[in-house]
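Structure record follows, encoded as structure tokens.
The values are calculated or read from the model by the stated rules, or taken from the named source; none is laboratory data. Note that the structure is a prediction, hence the values are computed from the model and not measured. Note: ideal-geometry Cβ built from the backbone for every residue, glycine included; neighbour counts use all protein chains shown. Accessible surface is based on the protein model in full, side chains and every heavy atom, while ligands, DNA and RNA are left aside. Shrake-Rupley method; radii C 1.70, N 1.55, O 1.52, S 1.80 Å.
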Amino acid sequence: MTFALGPVPLLPEPAAAAGQATTASAQALVDMVHLAPMMIVGIWSLIVLVADAFARPGLRRFQQTLTLLGLGLAVLAAVGQFGHYEYDGGIEVFSGFLYVDQFALLVDLGILGVAGAVVLFAGDYNRSHRFEYGEHESLVLIATFGVMILAHAGDLVALFLGIETMSIAVYVMVGARWNSRQSPEAALKYFVMGAFSSGLLLMGIALVYGATGVTGLDQLSHEVSTVFTKWRAAQDYVAVVEAPEGFPAGMVDMAQDKVALGIAPAALLIPGVLLVLGALLFKVSAVPFHMWTPDAYEGAPSPTTAFMAAGVKIGAFAALLKLFVGTFIVGSLVQAPYGWTSVVLWLAAATMIVGNLAAVRQTNVKRLLAYSSVAHVGYLLVGVVAAASFYGDRPAKGYLPTADEHAWASNAGDTAVASILYYLLAYAVATLGAFACVSWLGRDKKEASAAHEWSGLAQRHPGIALGMTVCLLSLMGMPPMGGFFGKLFVFRSAFEHGSEALRIVVVIAVVNSVIGAVYYLRLIVSMYFRPPLERDLGHVEGRGAPVVLAAAAALSVLIGIGADAMMQRCRLASAGFRIPPSEARAERVDELRAQWEQREAEADRKAAQEEGQQPGQKAGQQPGQQPDEKAQVEVPAAAAPSAEGGTPPAEAEALDDGG
Amino acid sequence: MVPITHFLYLASTLFVIGLLGVMLRRNVLIVLMSVELMLNGANIALVAFSRFHGNLDGQVLAMFTIAVAAAEAAVGLAIVVSIFRSRTGSDIDDLSLLRD
């Protein structure tokens, strides 16, 4: 193999370039409008950074308000976009570098909520622990921007840049607490592991690129199957190469070429995919790669821990879903013997077992929550494996699946992705509340995060203890809370797939949820039924953390009670999720919308009938009335802000009134 | 003409040296340098593949990686400096405040 290729055209012909320039810049403007939430966050991070240069120490609150304003604008833009028909099929922007689809928009809303909540209580925390620094808000916005790039990524380059943008900002936030010896240590541990995993990721991307010659996700999903077709075609020539006697020399040469060209891409692709998988498992902290998690979570300032536990996890799972559920969906790559699902399934089981067993013996609340987040990653990975198995099901040899079976598999895969999204959002809300509570306790450089310091908390601060209890119960998976329905949806999806291994792991997961109850309940019992400490450890001044905790507790319950409505939104996001963006995606979303409309119309009819049986006045107008399309669009959009952690604008106002 | 395999040998050698360096060496600065080696090994592979496939995607990613590696090195060294302020020595095993 040599470089026998012609010169690469670097620039278009001058004559053509002049005409293209104007249309290209116009197109870039249109693309920026489609990306409005992301653009606002990116630009705002710079505005906040510049504003900090002119801020006096007394004006820190202005910084916070300014950041919340920007996040509020971004939420408004994302709410306007999410659920809109235009994005049903996914739009390519910047020549396919990024996509705007319902999936990305839902993740945007989630991460914007997380960022808003973290900004709300981080300022008070930093002030109280005497390490206030002005770059904090800007760093949160940069990390948020990185997560949004991940959600929108349509290219491996975008994916790499998103992960790096997110991680580098978070490394700084972890190590920013200069008056503590733990914070830089946590930052170094996180940094070394993170940088190591980005090295793996980059090498993986290089190998995948080498195997396929493309980096765009939509082209990749096509090219990946070509790699395996070529590989299978080369198998016929392997016999000739292995036993060349009796064949003419020319044929042996040709066979050697065919084998080399057919096998080389697969030989590059499989290690490449595994390296990328390893790197992403590092980022989500799945088991063999989870060592950094408890140390980094414990040493980091609590608001930063909250961002890592909620925001970074959302970003890493968005990347995992994009690549492994959306792009590398080829039977050979998903299923045994070369597939990744069989490995990841058992890693998921190991992740929850290790996370839960380690959490049981923790005496520090932050470490306990860190291990509990590892356990949650295990549950989520079961969902990822289920989704990929549905999409990438390879039929038995000599059997062609019918159209019905095919439709069922894609439908079930969509539901699995929706369950993962639901679980992620429910988990993010609950974990944000829990860390808000952790950050509120303790003052003057001393965090009260040892478990024994929490005993009798309910007597001293009944409201805080109640909020924390609701969040912990949601994490545990108590029925009315969001965490329960998240587990229910994910496990049901996994169980629906007929594979035996998946069913065994679901049983392991259910047993693990019970083990998890031990340490959550122990903390709750200690808050309510133990006598309080003699000495009051004090708490952080300011209302940010209690507001976030209250909002998180309320949302945990709301997500649980309104599980149906919330799941409908996740379903909308996942129906249009699969890469590549195509007409088929939009059609699937249309089908879903039609179903919902029908269901709603039926519910209306039933309600009208019931009203008619009682002394009915309005009964006449209800039956047969078609819900108009506009209302259908507005409903998800209007309800969306309540679907993620904390709505920044309203809370910002509340805080401003206070301060 | 140098065949692509030679570039890949170089790239994978650099990558593996970096990988082993991160896992085996205990000095923080050497660990940081090893991470850089990993990234640069991947860069060489990207550029070689880019030339081989005749498109520029790999080279673009390599350019981005150089910028990202610089940012990462800046943050990493800043963290190391902030650790040196409170203790002496640069052995990664001495970092044992946070543990189970």
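Keeping to the stretch A:185-218, report how many residues are farther than 30 Å from A:A296 by Cβ and more than 23 Å from the chain's Cα centre (by Cα). Counting residues in the stretch A:185-218 that are farther than 30 Å from A:A296 by Cβ and more than 23 Å from the chain's Cα centre (by Cα) gives 6.
Checked against (1) more than 26 Å from the chain's Cα centre (by Cα); (2) assigned to a helix (DSSP H, G or I), A:G467 meets all criteria but (1). Name the single residue, out of those in the stretch B:79-91 being in a helix (DSSP H, G or I) and surrounded by fewer than 16 Cβ atoms within 10 Å (Cβ to Cβ), that is nearest to the other protein chains (Cβ to nearest Cβ). Looking at residues that are in a helix (DSSP H, G or I) and surrounded by fewer than 16 Cβ atoms within 10 Å (Cβ to Cβ), I get B:S86. Considering A:Y171, A:Y125, A:Y133, the condition of being open to solvent by 10 Å² or more (accessible area, probe 1.4 Å) and either in contact with a Gly (Cβ under 9 Å, 6 or more places away or on another chain) or away from every other protein chain (no Cβ under 11 Å) (or both) is satisfied by A:Y133 alone. In the set (1) on the phi < 0 side of the Ramachandran plot; (2) at the interface with chain A (Cβ under 8 Å from one of its Cβ atoms); (3) of a type outside the set (F, W, Y), the condition left unmet by B:G54 is number (1). Every condition in (1) under 14 Å from A:A176 (Cα atoms); (2) within 7 Å of another protein chain (Cβ to nearest Cβ); (3) of a type outside the set (D, E, K, R) holds for B:T65 except the one numbered (1). If you go through the stretch B:1-60 and pick out every residue that is more than 13 Å from A:L200 (Cα to Cα), among the charged types (D, E, K, R) and either surrounded by 14 or more Cβ atoms within 10 Å (Cβ to Cβ) or modelled with pLDDT of 95 or more (or both), you end up with 3. Going by the conditions given, is A:F82 modelled with pLDDT under 85 and open to solvent by less than 70 Å² (accessible area, probe 1.4 Å)? Against the criterion (modelled with pLDDT under 85 and open to solvent by less than 70 Å² (accessible area, probe 1.4 Å)), A:F82 does not qualify.
Checked against (1) facing chain B (nearest Cβ under 9 Å); (2) in contact (Cβ under 8 Å) with a residue 24 or more places away in the chain; (3) open to solvent by less than 10 Å² (accessible area, probe 1.4 Å); (4) farther than 22 Å from A:Y99 by Cα, A:K189 passes all but condition (3). Considering the conditions (1) open to solvent by less than 50 Å² (accessible area, probe 1.4 Å); (2) closer than 30 Å to A:R61 by Cβ, A:S526 is excluded by exactly one of them, (2). Here B:L95 passes the criteria (1) under 30 Å from A:P294 (Cα atoms); (2) more than 7 Å from chain A (Cβ to nearest Cβ) except the one numbered (2). Take the residues in the stretch A:38-58 that are among the aliphatic types (A, V, I, L, M) and farther than 19 Å from A:L150 by Cβ, then tell me which one is surrounded by the fewest Cβ atoms within 10 Å (Cβ to Cβ). Within the stretch A:38-58, the match that is surrounded by the fewest Cβ atoms within 10 Å (Cβ to Cβ) is A:A53. Looking across the stretch A:486-514, the residues that are in a helix (DSSP H, G or I) and open to solvent by 50 Å² or more (accessible area, probe 1.4 Å) come down to A:L488, A:R492, A:F495, A:E496, A:E500, A:R503, A:I504, A:V507, A:V510, A:V511, A:V514.
Look at (1) touching a residue at least 60 places away in the same chain (Cβ under 8 Å); (2) within 25 Å of the chain's Cα centre (by Cα); (3) more than 30 Å from A:V119 (Cβ to Cβ) and you find that A:S499 fails only one, number (2). Among the residues of the stretch A:545-561, the ones that are within 15 Å of A:P480 (Cα to Cα) and open to solvent by less than 30 Å² (accessible area, probe 1.4 Å) come to 6 in all.
In the stretch A:533-544, the condition of being of a type outside the set (G, A, S), open to solvent by less than 20 Å² (accessible area, probe 1.4 Å) and assigned to a loop (DSSP other than H, G, I, E, B) is met by at least one residue. Here A:S493 fulfils each of the conditions (1) closer than 29 Å to A:P531 by Cα; (2) in contact with a Gly (Cβ under 9 Å, 6 or more places away or on another chain) apart from (1). Among the residues making up the stretch A:150-168, those that are farther than 29 Å from A:K366 by Cα, within 9 Å of chain B (Cβ to nearest Cβ) and buried (at least 24 other Cβ atoms within 10 Å of the Cβ) are A:D155, A:L156, A:F160.
Among the residues of the stretch A:389-407, is any of a type in the set (A, V, I, L, M, F, W, C), in contact (Cβ under 8 Å) with a residue 24 or more places away in the chain and surrounded by fewer than 18 Cβ atoms within 10 Å (Cβ to Cβ)? No, every residue in the stretch A:389-407 fails to be of a type in the set (A, V, I, L, M, F, W, C), in contact (Cβ under 8 Å) with a residue 24 or more places away in the chain and surrounded by fewer than 18 Cβ atoms within 10 Å (Cβ to Cβ).
Screening A:L261 on (1) open to solvent by less than 20 Å² (accessible area, probe 1.4 Å); (2) more than 12 Å from chain B (Cβ to nearest Cβ); (3) within 28 Å of B:M38 (Cα to Cα) shows it passes everything except condition (1).
Among the residues of the stretch A:421-456, those that are closer than 19 Å to A:R522 by Cα, in a helix (DSSP H, G or I) and open to solvent by 10 Å² or more (accessible area, probe 1.4 Å) comprise A:A451, A:H452, A:E453.
Among all positions in the stretch B:7-19, there is no residue which is facing chain A (nearest Cβ under 9 Å) and either farther than 18 Å from A:G272 by Cβ or outside any helix (DSSP H, G or I) (or both).
Residue-by-condition table, conditions (1) within 26 Å of A:S373 (Cβ to Cβ); (2) within 14 Å of chain B (Cβ to nearest Cβ); (3) open to solvent by less than 10 Å² (accessible area, probe 1.4 Å); (4) out of contact with any helix residue (DSSP H, G or I) (no Cβ under 6 Å at 6 or more places or on another chain):
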| site | (1), (2), (3), (4) |
| --- | --- |
| A:G250 | no, no, no, yes |
| A:L275 | yes, yes, no, no |
| A:F282 | yes, yes, no, no |
| A:S302 | yes, no, yes, no |
| A:T305 | yes, yes, yes, no |
| A:L320 | yes, no, yes, no |
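What do you reckon, is A:L112 of a type in the set (A, V, I, L, M) and touching a Cys at 6+ places or on another chain (Cβ under 8 Å)? In short, no. Among the residues making up the stretch A:516-543, those that are more than 30 Å from A:Y379 (Cβ to Cβ) and either under 29 Å from the mean Cα position of the chain (by Cα) or without any contact (Cβ under 8 Å) to a residue 40 or more places away in the chain (or both) are A:E534, A:R535, A:R543.
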